[in-house]
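Only one structure is covered here, and it is reproduced in the block below.
Read-outs: derived from the displayed coordinates by stated rules, not from any lab. What you see is a predicted model; the values in this text were computed from it and never measured. Virtual Cβ from ideal backbone geometry, glycine too; neighbours counted across all protein chains shown.
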Amino acid sequence: MSCSRLKTIPVKPGWVALIPLAGLLVLTRAAFAADILLILSICLMMVILATIWLVAGSTMLSAYFILAANSWMQHPVGYKMVDGKAQLTSIWAVLTNSTALMAFAHTIIAALMTGALAERVRTILQEIAQRLSRMICAPA
């Protein structure tokens, strides 16, 4: 079966040399687009990782200030009494309160251990589910 329209297209000798070049340009554009997508995905992963670290850091900082305020209530330092009310004299005494430092270490270590335990339990449950699925779906 022949196509009658192809016979009517004038083909000049110089055009034949452009066909591989056009294919190369298309492949180059596709590779460039793939590179751009790869770079964007890497940048996106870096932004997500930076966001995770920022959230973790700000959460720990917030926890420290909360524990410092609570520790001041348990062991008040850096204040003087004025007209029957406590007036803060040194914020550094409050922030470096030995009770606050110990409470912070205790809280962060407990949080990290809880997270690690939760991840380990998730992994164990996933392995159990895979084994059960293999046992149930195993061919007879």
Cα centre as origin, Lys/Arg/Asp/Glu Cβ charges: the range 11-137 dipole, Debye: 280
Exposure proxy ranking, count of Cβ atoms within 10 Å, fewest first, for Cys43, Cys137: Cys137, Cys43
Rounded Å value of the spacing that divides the Cα centres of the range 56-75 and the range 95-112: 8
For the range 69-86, 3J(HN,Hα) per residue [Karplus equation, 6.51 cos²θ - 1.76 cosθ + 1.60, θ = phi - 60°, Hz, x = Gly/Pro]: 5, 5, 5, 5, 5, 7, 9, x, 9, x, 9, 9, 8, 10, 6, x, 10, 7
